[in-house]
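Colleague: One structure follows; several queries about it will come next.
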Amino acid sequence: MKKRTGSTVAADLSRFARIKGARPLVAGMFFYGIGTGILAPMNAIYLQVEIGLSKGQIAAIFAIALLLNMIATLTAGIYGDRMRRRKALPMAAAGLCIAGLLLYMRADGFGSALAGMALATSPSGLILGQLYALARSRFTREAADLVEMALLWLRATFSVGFFGGLLLGANLYIVTSFQGVLWGNLAGYACLLLLLGLYQPGEATGVKQAQAPSSAGEPFSAWMLAALLLLGCGDAIRGLYLPLVVNQLFGQAEIMSYLWSVQAVFELLFMTVTGYWAMRYGSKRVILLGSVFGLISYIAYASGPPLMLFFLVQPLHSFYVSIFYGVAMGYVQRMFIARAGFGASMYVLITQAATMIGYVFPLVIKGISPSIFLIAVSLVLAAIACMVKSGLGGPGTGASRELKA
């Protein structure tokens, strides 16, 4: 196996850009990232400040919405591979999310906020899982030896959009407060719906898809799935409670958007690097390395002020996130290599289950404080123990292919 050079990485990127029929998928992922990035850092703060909900009520809303999302995702994963028009699932989901956001904008208490959030987010698991499934089928036919990196770059496209959405969301909040942020999120779903309508799969779904000859499957590992679940729990704590902690410590809601924008920039840089490392050294080893960086990040968050520490640790957390949402995604999909839709939905289901559990853990700590992240530290340590128990395998396990100079 030969070392990648800058010219061959550039050639792979050029091939990715020319994959036939993939442009609506890539553009859809980009606009979905924009819409998500606009709202994500502000969502919990919106519920707390604008609607006046308590920490427990906010956690309950997110947990119930996620439970419904998990049910929808699992159902789609089981039956999605049998559908002849798979893109109908994410299109219907985007339409329901738009309807839910319109209701969410008018929420004035716990009940209406829960109804709006449930409808706005419960169908979203159908979007990512099925987009990944559509993309794997497309990339397998058009560039079989580039499937794993193409999927990583598709996920990186989401990060590009997410980065743009973070900056846009912070400025929308300053100019228009929360209403502009919510309308921006709705616009992202509307663009995704339009682009999916233009996408032509050009394939007969509902039948078993051919495997990429150079993208081998991974052996099933309950220990690794448990490790990913624990890592996801830690990241869920960061996702929901870091905005609340930052707002509590520094009193400026827009700071969180700037923090996440720093993370997104470095995430883009690291995702390609970690993808090639996974092919060379093995996905499990790279996931373990990322967990160490996540552990350092959560220790820093638990330390509290100064604000500069939060910014300085973001590149480390970006390295971890680029692995958890990139390398780990492909790793889980390859466990179920013969069923693209089920494998993609299983990964999304793990992240959703982890998010729901992660939202609940910090309720044992009174109030909003940096000590919440000590729970995330414990979860990452447990995940590392699970990975060690599973065994790390040899270099290039599962994802290796012959790398030409």
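Every number here is computed from the coordinates shown, using simple stated rules; none is lab data. Quick caveat: nothing in here was measured; it's all calculated off a predicted structure. Cβ atoms come from the backbone with ideal geometry, glycine included; neighbour counts cover every protein chain shown.
Colleague: Which shape class, rounded, prolate or oblate, goes with segment 145-198 when its Cα gyration tensor gives a ≥ b ≥ c as root eigenvalues, a/c under 1.5 marks rounded, and past that a/b bigger than b/c marks prolate?
Modeller: On the way: a/c = 5.41, a/b = 1.85, b/c = 2.92.
Oblate.
Colleague: Only Cα pairs within less than 10 Å get springs; with that Gaussian network setup on the chain, which residue of I19, I98, I45 has the largest fluctuation?
Modeller: So, out of I19, I98, I45, the one fluctuating most is I19.
Colleague: How big, on average over all directions, is the shadow cast by the Cα convex hull of segment 93-208, in nm²? Don't skip to the end; give the middle numbers.
Modeller: Working: hull surface 34.4 nm².
Mean projected area for segment 93-208: 8.6 nm², to one decimal.
Colleague: Separate question: Given the Cα atoms of segment 108-160, and with Rh set as the inverse mean 1/r over their pairs in the Kirkwood sense, what is Rg to Rh to two decimals?
Modeller: Numbers: Rg = 16.4 Å, Rh = 13.1 Å.
Across segment 108-160, the Cα-based Rg/Rh ratio is 1.25.
Colleague: Helix check for the chain. Which DSSP H runs span at least 27 Å along their own axis by Cα, with a mean Kyte-Doolittle hydropathy no less than 0.5?
Modeller: Values: long enough: 55-79 (36 Å, 1.55); 147-198 (42 Å, 1.42); 222-250 (41 Å, 1.43); 254-281 (40 Å, 0.69); 283-303 (30 Å, 1.18); 340-360 (31 Å, 1.21).
The qualifying helices are 55-79, 147-198, 222-250, 254-281, 283-303, 340-360.
Colleague: If you don't mind, another one. Taking the Cα-to-Cβ direction at A92 and at F250 and moving 7 Å from each Cα, how far apart do the two end points lie in nm?
Modeller: According to this spin-label approximation, the distance is 4.3 nm.
Colleague: Taking 0.36 nm per residue of separation and subtracting the Cα-Cα distance, what length does fully extending V273 through I296 add?
Modeller: On the way: separation 23, 0.36 × 23 = 8.28 nm, distance 2.00 nm.
Length gained, V273 through I296: 6.3 nm.
Colleague: Take the Cα radius of gyration of segment 1-133 and divide it by 2.2 N^0.38 Å, with N its residue count; two decimals is plenty. Walk me through the numbers before you get to the answer.
Modeller: Values: Rg = 18.7 Å, N = 133, 2.2 N^0.38 = 14.1 Å.
Here the Cα radius of gyration is 1.32 times the empirical estimate.
Colleague: Also, I was wondering about something else. Starting from the coordinates of the alpha-carbon atoms of segment 260-371, obtain the Kirkwood hydrodynamic radius over all distinct pairs and give the value in Å to one decimal. Spell out each step's value before the answer.
Modeller: Values: mean 1/r = 0.0650 Å⁻¹.
Value: 15.4 Å, from the Cα pair sum.
Colleague: Distance in nm between label sites at A222 and F311, each 7 Å beyond Cα in the beta-carbon direction?
Modeller: Going from the A222 label point to the F311 one covers 4.7 nm.
Colleague: Label segment 21-390 by shape, choosing from rounded, prolate and oblate, from the square roots a ≥ b ≥ c of the eigenvalues of the Cα gyration tensor; if a/c is under 1.5 it is rounded, and otherwise prolate applies when a/b is larger than b/c, oblate when it is not. Each step should come with its number before you reach the end.
Modeller: Values: a/c = 1.65, a/b = 1.22, b/c = 1.36.
In terms of gyration-tensor shape, oblate.
Colleague: Here's a follow-up. Using a 10 Å cut-off around each Cβ, can you sort E218, E142 from fewest to most neighbouring Cβ atoms?
Modeller: Details: E218 22, E142 18.
The fewest-first ordering by Cβ neighbours comes to E142, E218.
Colleague: Turning to a different aspect of this structure: Would you mind putting 223-233, 288-298 in packing order, based on average other-beta-carbon counts within 10 Å, highest first?
Modeller: Working: 223-233: 22.9, 288-298: 21.2.
Peptide ranking by packing, descending: 223-233, 288-298.
Colleague: What is the gain in length, in nm to one decimal, between S177 and R18 on full extension, counting 0.36 nm per residue of separation less the C-alpha to C-alpha distance?
Modeller: Numbers: separation 159, 0.36 × 159 = 57.24 nm, distance 4.01 nm.
Separation in residues times 0.36 nm, less the Cα-Cα distance, equals 53.2 nm.
Colleague: Could I have the simple spin-label model distance between A10 and L103, label points 7 Å from Cα toward Cβ, reported in nm to one decimal?
Modeller: My value for the distance between the label points is 5.2 nm.
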